[in-house]
Amino acid sequence: MDKLKIGVLGASNHLIKRIILPLKNTNNCELYAIASRSEEKAKKVSSKFGIPVSYGNYEDLLSDEYVDVIYIPLPNHLHCEWIKKCADANKPILCEKPISLNREEALDVFTYTKQKNVLLMEAFMYKFHPLWLHVKNIVDTNQIGAIQYINVAFSYNNPSIANIRNIKEFGGGGMYDIGCYAVSVPRFLLGSEPKRVVSLLNRNEETKTDTLSSALMDFEGTNVTFNVSTLSEANQNVEIVGAAGRISIPIPFNTYVDTESEVWVHTAQGSRKLTFEVSDQYGLMFEAFAEAIIKNQDLPISAQDSINNAAVIDAIFKSSEINSWVTL
């Protein structure tokens, strides 16, 4: 089969920095078309990066019979609207995280796409990196014993109130942007859901978006804590502590595409550094998504996983509001 032709809604900075080059190196995907609300911007990006087709609106791209799959890197608040429009156009969809702003919306769009018989997957790229697949294997095979606790930290410093990540109406704030990873990681590693959560969120007085969010998630036997911030020094790490050892991941999410990644494993036998060959997790994600479509297989990230992740984020917001534990 020929490569799947990818159409992209929006000429975002994320697309330019992280998606365009990986797509050029995939075996089963071709970046075929890009659409922007600015025809000039779409033409500029398509010309610079050799994208064959450009459109000055999203609707024309959805009407293009040669587009096989849609990738949505639009602002968070537009995800659900355009997922449904893609489904109406009978196009499979890979949508950036978070797929929605709450569980109800997530359930709605997955129900809608299922009724339309259109595939939809949330773009949690880290799950495809060899680093994370190996770490999960270590956990699953009990190499560091029963997991006692997990700590996740993720932050950057973005004080601009005009930046889209700091506009509440656009789905801005730390929890949606990076907190979704802090919720996803323990669920991915443990293969289970938290039973209850308690949280503390600091909000910007002007934008009302959360700028420092902390939570404790109870996985019945494993405690998970995280801190995510949009006003702190750039930082990210994950610590997984078991009864017989621990794993430290110094760059768990924004792994470099031109440098080997590393993980440290500490046990009674000593400490060892595991290195992983240069990989582009975004390219690997597109490859896996396209392969599932081509081979008519289940998508590698399920609808239920995305719905459950949104439910935990809802509970974290609610806990901060009522200043108490929230049971899921």
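The values are calculated or read from the model by the stated rules, or taken from the named source; none is laboratory data. Since we're looking at a predicted model, the values are computed, not measured. Positions of Cβ are generated from backbone atoms using ideal geometry, with glycine treated the same way; all protein chains shown enter the neighbour counts.
Looking across the stretch 102-119 at every residue that is surrounded by fewer than 20 Cβ atoms within 10 Å (Cβ to Cβ) and under 16 Å from the mean Cα position of the chain (by Cα), the one that is nearest to Leu328 (Cα to Cα) is identified as Arg103. Across the stretch 212-226, the qualifying residues are those that are closer than 14 Å to Pro186 by Cβ and assigned to a strand (DSSP E or B), and the one among them that is nearest to the chain's Cα centre (by Cα) is Phe226.
Taken over the stretch 10-28, the residue count meeting the criterion of being over 17 Å from the mean Cα position of the chain (by Cα) and more than 18 Å from Ser47 (Cβ to Cβ) is 4. Scan the stretch 201-216 and report the pairs whose first residue is within 14 Å of Cys180 (Cα to Cα) and not assigned by TED's automatic domain parsing to the domain that holds Val183 and whose second residue is of a type outside the set (A, V, I, L, M, F, W, C) and outside any strand (DSSP E or B), with Cβ atoms within less than 8 Å and a gap of 6+ or a chain change. Filtered contacts from the stretch 201-216: no entries.
Conditions (1) assigned to a loop (DSSP other than H, G, I, E, B); (2) β-branched (Val, Ile, Thr); (3) touching a residue at least 40 places away in the same chain (Cβ under 8 Å), marked per residue:
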| site | (1), (2), (3) |
| --- | --- |
| Ala42 | no, no, no |
| Val45 | no, yes, no |
| Asp60 | no, no, no |
| Asp64 | yes, no, yes |
| Val67 | yes, yes, yes |
| Ile70 | no, yes, yes |
| Glu81 | no, no, no |
| Lys85 | no, no, no |
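Here Asp258 fits the description: under 16 Å from His129 (Cα atoms) and surrounded by fewer than 16 Cβ atoms within 10 Å (Cβ to Cβ). In the stretch 179-193, the condition of being more than 26 Å from Gln148 (Cβ to Cβ), assigned to a loop (DSSP other than H, G, I, E, B) and either touching a Phe, Trp or Tyr at 6+ places or on another chain (Cβ under 7 Å) or without any contact (Cβ under 8 Å) to a residue 60 or more places away in the chain (or both) is met by no residue.
Would you point out which residue out of Lys168, Lys116, Lys127 is closer than 29 Å to Phe276 by Cβ and of a type outside the set (Ser, Thr, Tyr)? Give the derivation first.
Working: Lys168 fails: closer than 29 Å to Phe276 by Cβ; Lys116 fails: closer than 29 Å to Phe276 by Cβ.
Result of the check over Lys168, Lys116, Lys127: Lys127.
Considering Gln304, Gln269, Gln297, which residue is farther than 30 Å from Val109 by Cβ and either aliphatic (A, V, I, L, M) or exposed (fewer than 13 other Cβ atoms within 10 Å of the Cβ) (or both)? Quick ask: steps written out before the conclusion?
Values: Gln304 fails: farther than 30 Å from Val109 by Cβ; Gln297 fails: farther than 30 Å from Val109 by Cβ.
Going through Gln304, Gln269, Gln297 in turn, the sole match is Gln269.
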